[in-house]
């Protein structure tokens with residue numbers, strides 16, 4: 001299921017009229033499954049979400065993430081994971 005959700009997110013993002021919200025939603029669903037299963041592919045979803053956050057900007061991305069999650073604690077947890085990924089990338 002996670003692979004399918006990831007593919008749907010990628011496909012949505014590639015569409016000329018694709019919705020960023022839909023793409024984020026699919027990637028988040030894939031991420032949640034992979035985190036629950038504790039599989040390493042979760043980092044792929046985090047990287048994709050990090051790229052969307054960089055593209056959209058932090059505030060619009062967080063708004064989309066909140067819509068997709070519907071759970072403030074989960075939104076905060078994913079934001080924290082993205083911050084950790086960014087910090088690891090920059091060596092901070």
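Numbers at a glance
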read-out	value
In the stretch 5-40, residue nearest to residue 87 (Cα to Cα) [restricted to those that are outside any helix (DSSP H, G or I), at pLDDT 90 or above and touching a helix residue (DSSP H, G or I) at 6+ places or on another chain (Cβ under 9 Å)]	40
Output for the stretch 76-91, where each listed residue is at pLDDT 90 or above and in contact with a helix residue (DSSP H, G or I) (Cβ under 8 Å, 6 or more places away or on another chain)	78, 79, 81, 82, 85
Matching residues, the stretch 64-92, being closer than 14 Å to residue 25 by Cβ, surrounded by 14 or more Cβ atoms within 10 Å (Cβ to Cβ) and free of Cβ contacts under 8 Å to residues at least 40 places away in the same chain	66, 75
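Rundown of residues vs (1) surrounded by fewer than 14 Cβ atoms within 10 Å (Cβ to Cβ); (2) under 13 Å from the mean Cα position of the chain (by Cα); (3) over 15 Å from residue 77 (Cβ atoms), yes/no style:
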position	(1), (2), (3)
9	no, yes, yes
15	yes, no, yes
28	no, yes, no
33	no, yes, no
36	yes, no, no
49	no, yes, no
52	no, yes, yes
56	no, yes, yes
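The values are calculated or read from the model by the stated rules, or taken from the named source; none is laboratory data. It should be emphasised that the depicted structure is a prediction, and the values quoted were computed from it without experimental measurement. Counting neighbours? That spans all protein chains shown, and the Cβs are built from the backbone with ideal geometry, glycine included.
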